[in-house]
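As structure tokens, the structure follows; a few thoughts come after it.
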Amino acid sequence: MSVVTWHYLAFDELTPAALYSVLQLRSDVFVVEQACIFREIDGADADAMHVLGMRKGRLVAYARCFAAGFLYPQASLGRVLTHSSVRGTGVGHALVREALARMAQQWAPPVIRIGAQAHLEAFYRQHGFVKTGPPYLEDGIPHLDMLRFTARWKPYSSWIAISYLFLFVNLAALYEKFFPSFVLALLWGKLCTLRKDLS
């Protein structure tokens, strides 16, 4: 099996042929395969970095990455897909690893967010993402919000960090109206990560 070649490009760096391939594959997967009618071209592509996986001149894997403050307060990863011909070969995992590495190199974000399709929760958990809330419907498909905390957030002492976060979670419970929901999600996600580290 031939090797996948990875490219990490800004919107303006995409050639017309590359952009056509990206939009065609996204439409094939998210609209046609999933029988989901939605506005796939959402106006956000110009603000994204695009990860393209090419094999023998053909686009077989794709994802788009955003710095913090564009789609979400956190940096985010989305539109993660592979061509049907390479599914089950590990290309999807290689795609996520490539995207995370490129994001770390460019932005070094402390947190990365993804709105994952619910049936892919186990897939993203393998890459360090943790669920931060209940499932919800987006365009008729169950999704989950998941966060990934990078290594630089790991404390010198997990026990101290757990105590610190436990205090803030309890304060948040007492004064919930002063804490936006995404702050509570961040705290819960970090507690889950630390619990996993200690297990």
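Miscellaneous remarks
- Region 62-97: number of residues that are more than 21 Å from T150 (Cα to Cα) and aromatic (F, W, Y): 1
- All conditions but one from (1) in contact with a helix residue (DSSP H, G or I) (Cβ under 8 Å, 6 or more places away or on another chain); (2) in a helix (DSSP H, G or I); (3) surrounded by 14 or more Cβ atoms within 10 Å (Cβ to Cβ) apply to A116; the one that does not is (2).
- Boolean, F38 is closer than 18 Å to A116 by Cα and touching a residue at least 60 places away in the same chain (Cβ under 8 Å): yes
- Residue check, G78 touching a Leu at 6+ places or on another chain (Cβ under 8 Å) and over 21 Å from H143 (Cα atoms): no
- Residue-level analysis places R152 outside the set of residues that are modelled with pLDDT of 95 or more and of a type in the set (D, E, K, R).
- Within the set L25, L71, the sole residue that is in the same structural domain as G88 (by TED's automatic domain parsing), at pLDDT below 95 and either closer than 20 Å to G88 by Cβ or within 19 Å of the chain's Cα centre (by Cα) (or both) turns out to be L71.
- Where S84 falls short, out of the listed (1) touching a residue at least 12 places away in the same chain (Cβ under 8 Å); (2) of a type outside the set (F, W, Y); (3) more than 21 Å from A118 (Cα to Cα): (3)
- Search result, residues across region 60-97 that are assigned to a helix (DSSP H, G or I) and surrounded by fewer than 18 Cβ atoms within 10 Å (Cβ to Cβ): S84, S85, H93, A94, R97
The values are calculated or read from the model by the stated rules, or taken from the named source; none is laboratory data. Bear in mind the structure is a predicted one, so any value in this text is a computation, not a measurement. Positions of Cβ are generated from backbone atoms using ideal geometry, with glycine treated the same way; all protein chains shown enter the neighbour counts.
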